[in-house]
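Remarks on the structure that follows.
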Amino acid sequence: QVQLVESGGGLVQVGGSLRLSCAASGRSFGTSAMGWFRQAPGKEREFVATISWTGVTTHYNDSVKGRFTISRDNAKNTVYLQMNSLKSEDTAVYYCAAGVRTAAILKNEVDYWGQGTQVTVSS
């Protein structure tokens, strides 16, 4: 069992930066792949990024490559999403996710979800 709590969302201007955090509790965090998804108003939830339990393997949605960076600190049971050069189209509720492996998360096979944190990018 893994519980996930996101933080760090807020209002930022176009071109700005935010760092999201996801604090996890539960014994299996250290061996779980982690990911971030987002859902904009009127749209389906979409994959953003994922990271393996070792932190070695990462994958990104093409729309955020070069701007977002996913990382994790297993000692702190926390995964991060550094978001730079934000665009208005990045506005969404961002969800933290845990799964068996990155390949599963890429297929939306998620075992646990956080409650979400709102990111609003204004022009």
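The values are calculated or read from the model by the stated rules, or taken from the named source; none is laboratory data. All values derive from a computational prediction rather than experimental measurement. Note that we place each Cβ from the backbone using ideal geometry, even for glycine, and neighbour counts take in every protein chain shown. Surface areas here come from the heavy atoms of the whole protein model, side chains and all, with no ligands, DNA or RNA. Shrake-Rupley method; radii C 1.70, N 1.55, O 1.52, S 1.80 Å.
For this structure, a couple of remarks:
- Count of residues meeting criterion [surrounded by fewer than 20 Cβ atoms within 10 Å (Cβ to Cβ) and under 22 Å from S52 (Cβ atoms)] in the range 85-95: 0
- Every test in (1) in a loop (DSSP other than H, G, I, E, B); (2) more than 19 Å from S85 (Cα to Cα); (3) not hydrophobic (A, V, I, L, M, F, W, C) is passed by G16 save one, and that test is (2).
- Among (1) over 13 Å from the mean Cα position of the chain (by Cα); (2) farther than 19 Å from W113 by Cα; (3) touching a residue at least 40 places away in the same chain (Cβ under 8 Å), the one test that D62 misses: (3)
- Of the residues making up the range 32-56, those that are in a loop (DSSP other than H, G, I, E, B) and of a type in the set (A, V, I, L, M) are A40, V56.
- Filter pass, A75 being outside any strand (DSSP E or B), open to solvent by 20 Å² or more (accessible area, probe 1.4 Å) and of a type outside the set (V, I, T): yes
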